[in-house]
Amino acid sequence: MKNIFRETKFIRGVTAFKSLPPDEGVEIILAGRSNAGKSSALNAICENPKLARISKTPGRTTEANFFEVCKDLKLVDLPGYGYAKSTKKRIDAWAPFLDDYFASRNSLKAAVLFMDIRHPFKESDRDFSNYCSSLAPSLELIFVLTKADKVKKNEQNKAIYFLENETGSKNIFVVSSLKSTGIDKLRGKLLSFK
Ligand SMILES: Nc1nc2c(ncn2[C@@H]2O[C@H](COP(=O)(O)OP(=O)(O)OP(=O)(O)O)[C@@H](O)[C@H]2O)c(=O)[nH]1
Ligand SMILES: [Mg+2]
């Protein structure tokens, strides 16, 4: 089947509410701790290694980067949270913009929360989930365990079990952007919001 995500284009990086693209169609945010593999997953979904910048250094993504998949679907690659000492400052710097964004964005339908499968649902992930539920109660949370290629099958299952218990959710995907496993299922999930 044709992968419509291949046509995805970068629109712009946003750091202020007034710079947001028009609030229309469906928007899905990609969130998670720094280095969780958000940008890599976006590139794997879109089969375009040059689309979003990837780095071994956490904190590479510093703006909310808007990508247009097609006229009525956008993906938003957010800066990572939970990064070392600067975390608090970074989250505080973002908060005013994100509060408004989450609370008022009609097109925002889902948040994909990426987590390294070796470190599932840390405190900052719980904070972010709670933040989403409080500001945007109708937002669907999708949990994605990344870097599946780094662990054996039984460790993958342990992480899934742990995450299910912690969140009470079955909306869980396991992917490896490196090997492109689980990516097609995730594409299907994202398209279901269109
Ligand atoms: N082995 C493996 N490494 C991965 C995978 N996905 C991402 N990585 C590596 O993890 C590191 C971080 O990846 P990014 O995609 O830049 O992470 P991010 O969540 O966008 O990070 P920030 O932009 O800093 O928030 C890079 O070194 C990637 O190559 C994967 O599926 N398998
Ligand atoms: Mg990134």
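The values are calculated or read from the model by the stated rules, or taken from the named source; none is laboratory data. Not measured: the values here are computed from a predicted model. Here the Cβ is made from the backbone with ideal geometry for all residues, glycine too, and neighbour counts use every protein chain on show.
Are any of the residues in the stretch 146-163 within 16 Å of ligand 2 (Cβ to nearest atom) and in contact with a strand residue (DSSP E or B) (Cβ under 7 Å, 6 or more places away or on another chain)? Yes, there is a match, as at least one residue in the stretch 146-163 is within 16 Å of ligand 2 (Cβ to nearest atom) and in contact with a strand residue (DSSP E or B) (Cβ under 7 Å, 6 or more places away or on another chain).
Flag: K150 matches the condition of being surrounded by fewer than 20 Cβ atoms within 10 Å (Cβ to Cβ) and out of contact with any helix residue (DSSP H, G or I) (no Cβ under 6 Å at 6 or more places or on another chain). Taking every residue in the stretch 16-44 that is in a strand (DSSP E or B) and pairing it with any residue that is among the hydroxyl-bearing types (S, T, Y) and at pLDDT 95 or above, at least 6 positions away or on another chain, the pairs with Cβ-Cβ distances below 7 Å are V26/S107; E27/S107. Give me the pairs, please: first residue somewhere in the stretch 55-68 and more than 20 Å from F97 (Cα to Cα), second residue anywhere and at pLDDT 70 or above and crowded, with 16+ Cβ neighbours inside 10 Å, beta-carbon distance under 6 Å, and either six or more positions apart or on two chains. Every condition considered, the pairs that remain are P58/S34; P58/N35; E68/K74.
Selection within the stretch 147-181: residues that are in contact (Cβ under 8 Å) with a residue 60 or more places away in the chain and of a type in the set (S, T, N, Q). The member of this set that is farthest from L113 (Cα to Cα) is S180.
Pairs linking a residue in the stretch 111-131 that is at positive phi to a residue that is within 16 Å of ligand 2 (Cβ to nearest atom) and of a type outside the set (D, E, K, R), with Cβ atoms under 9 Å and 6 or more positions apart or on different chains, are F121/L113; F121/M115. Residues in the stretch 158-173 that are under 17 Å from the mean Cα position of the chain (by Cα) and assigned to a helix (DSSP H, G or I) were compared, and the one that is farthest from I45 (Cα to Cα) is T167.
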